Amino acid sequence: MSPSSSSLPPLRPPSVPLVVSDPYFSVWSPADRLTDAETVHWTGSPYPLHSMIRIGAETYRLMGSEPSAIPAMPQTSVAVHPTRTIYTFENAAATVALTFTTAALPSDLMVFSRPVTYLTWTVAVKGAAQLAALYFDASPLLTVNTPEQEVTLAREELDGRPLLKVGSVQQPVLQKKGDNLRIDWGYMYAVAAETEGVTAAFLPRDVAVNAFAAGRELPVAKLPASAPAGESASPVLRFDLGRVSGKAVSRTALLAYDDLYSIEYFKERLRPYWRRNGDDAHALLRKSLKEATSLLKQCAAFDDGLMKDLRNAGGEKYARIASLAYRQTTAASKLTADAKGGPLLFHKENFSNGCIATVDLLYPMAPQILLSGSGLTRALLTPVLDYSSSPRWKFDFAPHDLGTYPKANGQVYGGGERTEENQMPVEETGNILIVTAALAHSEGNADYAAKYWPTLKKWAEYLKEKGLDPENQLSTDDFAGHLAHNVNLSVKAILGMRAYAQLCAMRGMTDEAKTYTDLTREYVKRWMEMADNGDHYRLAFDRPDTWSQKYNLVWDRILGYNLYPASVREKEMAFYRKQQNRYGLPLDVRQPYTKLDWTLWTATLGTRDDFDALVAPVYDFLNDTSNRVPLSDWYQTKTAKQVGFQARSVVGGVFLPLLYNPAVWKLWVKAGATVPDDAWAPFPKPPVTVGVLPSSQETGQTWRYTTEKPSGDWFTPGFEDSGWKEGLGGFGVEGTPGSVVRTTWDTDDLWLRREITLPDPVPDNLALWLHHDEDVEVYLNGVLAAQLPGFVSEYETFPITETARKALRPGQNSVALHVHQTGGGQYVDLGFVRLVPGK
């Protein structure tokens, strides 16, 4: 039996969620104490938040390791709940609680999607009443990808409250895509919930800290037009509490981020869901302030109810793991509104390749989303099913992804949309069929599935042919490499076919349902014979004396199929318990590493005692790992070392045990938001590109170029470039995917210049037609038009910044590029197109 909450020592999270709304607005504390380290983005880049308290004549740090000269108030506890993180501090002068609340409440998708975190300080002074004050600042680094990017600061008013606003100068909305990136468009806001005793200012941190620590008022400073984010003044809030005694007083600040546009969905820019009815940042904050008291109470009640059900399902250790996972799953995702206002939920494949809407991440995260209600589950499935059912997707199996976050413009993994190379046909097809059936199971009908019936039927037929004994291909555990005759993948295929049979039965297609049900029963018999290895089942049908976790078996019981005899699960579990290492059950026989999500699924295949036995080492991993990052799902079971991956949505899979209890599942689904069947817009028809000025794809265009770093004004129209070389685009090395190399470029850096002639009038919908490998900056008439890290493997359209667009004129204009190469292929070429609506 698992220990009770009172007898179990506190969990030490590897990294603690603080401000966690989406893949960009995501701040964590990578330390045991909130004052031991600066706060960071989930990628590890600095995202500093600071807080201090002054009691009488003494000042103490509450958040952040700087300034180290100011002593930290001793931290007495940290507790992570599904929607809240609560720190407590105490010394001889006072007790303080600092609570971070992100209202990720699935009962209201408008609230769920709000990029707002409440920071609440509760202070009680010991002994005689003393004057007290609180301090908070948030770094402008939260609004840029790199510290040298310039930001602007603005002080606004919101219903009598001072509102502090920070954003990048360039505002390159949705221009960058990739994994190790931070947002550099939109605006961060800081505002106090109270109106009395509040001072709000933009100040250099050292000036603000020194004034506060000395008990002085925050000085007034003139705001510069712009400054690099790493050197900029910070938004600062000061709360004067007056004389505080043993009776606790509370103050609340709101930290919010309006990204303006969140996702590019087949060239259509999607607003965040909270903006679906036309709200702007002021409306967002106004509603968040008005509803603050109610939402904070709702979050506490939500946390208590969910933790109770988690404890009942798996004990205290399990409940704490799931609590830590809840906000990580939501923070790896973004809820947007389509052209009709329907919800679309996109998750990012954090620190594993940056893909968007990856289907083999959708599958493990599905339990948390399924429990959150049909509205959110449909929002997760719809982008993938719409894409799969469109003319864009030409294969008989499901896709791996929809692009690279935040651009969902078509699959990029493996062979992309072009070939079957390195795809995961059996894996992804089984994933979507199973999750779609789980949604129908929770709703009690297959109405949603009916919209996609030709696609689902095609996929079932694919699994019928390819699923029992899969060919040499990747699975969701692609980091382990290709594997033919994968036994666990075969389980997924069989259950995927049975999921289709379930959907058929729910639609009254009894003959089709019977055909596929009978087929899966026959396949299970053959599976048991082919995979049997005495006291366990194999990793691959043709590899005797191997083994693997058969985590895909979970749906057989959850969805009531009961295809596999109980003896299969019992034999596997008895074998697993002999294979465990100090920090968990390895994924399979090949390596001592494991996947946290799959281990929690595998743990449900046996008895409650089996479950506790497999969960306990995972809990120890969280406490003992030296990798202070948001929950890693891939780690070594002997050393507790992270192998790879962090902050991923897959940890939503730890909620799977709750799905075994139909009554609990039903209650949570009932509490979740619903969305009408007709809420969604049709699949977007991407705009068509019409040439304005050619690239060098067909005919080489003449550029001036140099590989020696030029002077600082090299990108301006009047720069003297007669000493540069002249050559035909594109520039790069042979073999770079999608390239047409006419001039070799094989150094680290390349600078290019060219004069172009634009028509009169300049098209409003002008865009760059660009192939870059790797980082590129594009200037038009001396104004930065695009700054794109990483690389693409083909020519793509990219928007021009608004400031650069305004600098264009009919007739002659200058174009300048700088490209930086770090490794692999290299190439650059540029043309101009205009975008017209798709048909």
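The values are calculated or read from the model by the stated rules, or taken from the named source; none is laboratory data. Predicted model only: the values in this text are computed from it and were never measured. Glycine also receives a Cβ, built like all others from the backbone with ideal geometry; neighbour counts cover every protein chain displayed. To get the accessible areas, we keep the full protein, side chains included, count just its heavy atoms, and leave off ligands, DNA and RNA. Shrake-Rupley method; radii C 1.70, N 1.55, O 1.52, S 1.80 Å.
Place +1 on the Cβ of every Lys and Arg and -1 on the Cβ of every Asp and Glu in segment 246-394, take the dipole about the Cα centre, and give the residue among 257, 389, 312 whose Cα lies farthest towards its positive end.
Projecting each Cα onto the dipole axis, the largest value belongs to 257.
Treat each spin label as a single point 7 Å out from the Cα along the C-beta direction, and report the residue 222 to residue 301 distance in nm.
5.3
Which of the peptides 687-693, 107-113 is most tightly packed, and how do the rest follow, going by the mean number of other Cβ atoms within 10 Å of each residue?
107-113, 687-693
Report P(r) for segment 619-699: all Cα-Cα distances, bin width 5 Å, range 0 to the bin holding the largest distance, values in whole percent.
The percentages, shortest bin first, are 3, 10, 12, 10, 8, 10, 10, 9, 9, 8, 6, 4, 1, 0.
How much net charge surrounds residue 505 when only the other residues with a Cβ under 13 Å from the Cβ of residue 505 are counted, with Lys and Arg +1 and Asp and Glu -1?
Result for the neighbourhood of residue 505: 0.
Run the accessible area of segment 284-397 with a 1.4 Å probe and give the carbon-and-sulfur part as a rounded percent.
With neighbouring chains kept in place, the figure for segment 284-397 is 52 percent.
What's the local net charge at residue 555, with K and R +1, D and E -1, over the other residues with C-beta under 13 Å away?
Cβ neighbours under 13 Å give a net charge of +4.
Under 19 Å from the Cα of residue 247, which lysines turn up, not counting those fewer than eight places away in the same chain?
126
Mind sorting out which of [x] 216; [y] 164; [z] 249 is the real volume of the Cα convex hull per residue in Å³ computed from the coordinates?
Checking each listed value against the structure points to [y].
Remind me, relative contact order of segment 707-839 in percent, using alpha carbon pairs under 8 angstrom and six or more residues apart?
Result for segment 707-839 is 34 percent.
How many nm is it between the label spots at residue 129 and residue 803, if each spot is 7 Å from the Cα in line with the beta carbon?
Placing both labels 7 Å along Cα→Cβ, they lie 5.1 nm apart.
Grab the beta carbon distance between residue 450 and residue 582, set R0 = 56 Å, and tell me the FRET efficiency rounded to 0.05.
In this case the efficiency is close to 0.70.
So what is the accessible area of segment 563-686 per residue, in Å², with the probe set to 1.4 Å?
36
Which whole-number percent is the relative contact order of segment 476-584 (Cα, under 8 Å, 6+ apart)?
27
Over the chain, what is the relative contact order in whole percent, taking alpha-carbon pairs under 8 Å and six or more residues apart?
11
Between residue 479 and residue 529, what's the calculated FRET efficiency when r is the beta-carbon distance and R0 is 22 Å? Round to 0.05.
In this case the efficiency is close to 0.15.
FRET efficiency for residue 760 and residue 457, Cβ-Cβ distance as r, R0 = 45 Å, nearest 0.05?
After rounding, the FRET efficiency stands at 0.25.
Tell me the carbon and sulfur percent of the accessible area for segment 540-699, rounded to whole percent, probe radius 1.4 Å.
Carbon and sulfur: 52 percent of the exposed surface of segment 540-699.
Roughly how many whole Å is it from the C-alpha centroid of segment 816-832 to that of segment 451-472?
41
Please tell me which of these pairs span more than 19 angstrom C-alpha to C-alpha: 176/407; 177/348; 525/550; 492/595; 458/492; 334/685?
334/685
Sort 377-389, 488-500, 741-753, 418-430 for me by packing, meaning the mean count of neighbouring Cβ atoms within 10 Å per residue, highest on top.
488-500, 377-389, 418-430, 741-753
Projecting each Cα onto the charge dipole of the chain (Lys/Arg +1, Asp/Glu -1 at the beta carbon, about the Cα centre), which of 92, 655, 683 comes out farthest on the positive side?
It is 92.
Tell me, what % of the accessible area of segment 738-778 is carbon and sulfur with a 1.4 angstrom probe?
Answer for segment 738-778 is 43 percent, counting heavy atoms of protein chains only.
What length, rounded to one decimal in nm, is gained on full extension from residue 247 through to residue 749, with 0.36 nm per residue of separation minus their alpha-carbon distance?
Gain on extension, residue 247 to residue 749, equals 174.4 nm.
What's the center-to-center distance, using Cα atoms, between segment 681-744 and segment 21-69 in Å?
44
Accessible area per residue of segment 145-201 at 1.4 Å probe, in Å²?
Dividing the accessible area of segment 145-201 by its residue count gives 34 Å².
Figure the gain on full extension for residue 194 and residue 608 (residue separation times 0.36 nm, minus the Cα-Cα span) and round it to one decimal in nm.
Here the answer is 144.2 nm.
Using a 10 Å cut-off on Cβ atoms, rank the peptides 702-712, 79-89, 607-617 from the highest mean neighbour count down.
Order by mean packing, descending: 79-89, 607-617, 702-712.
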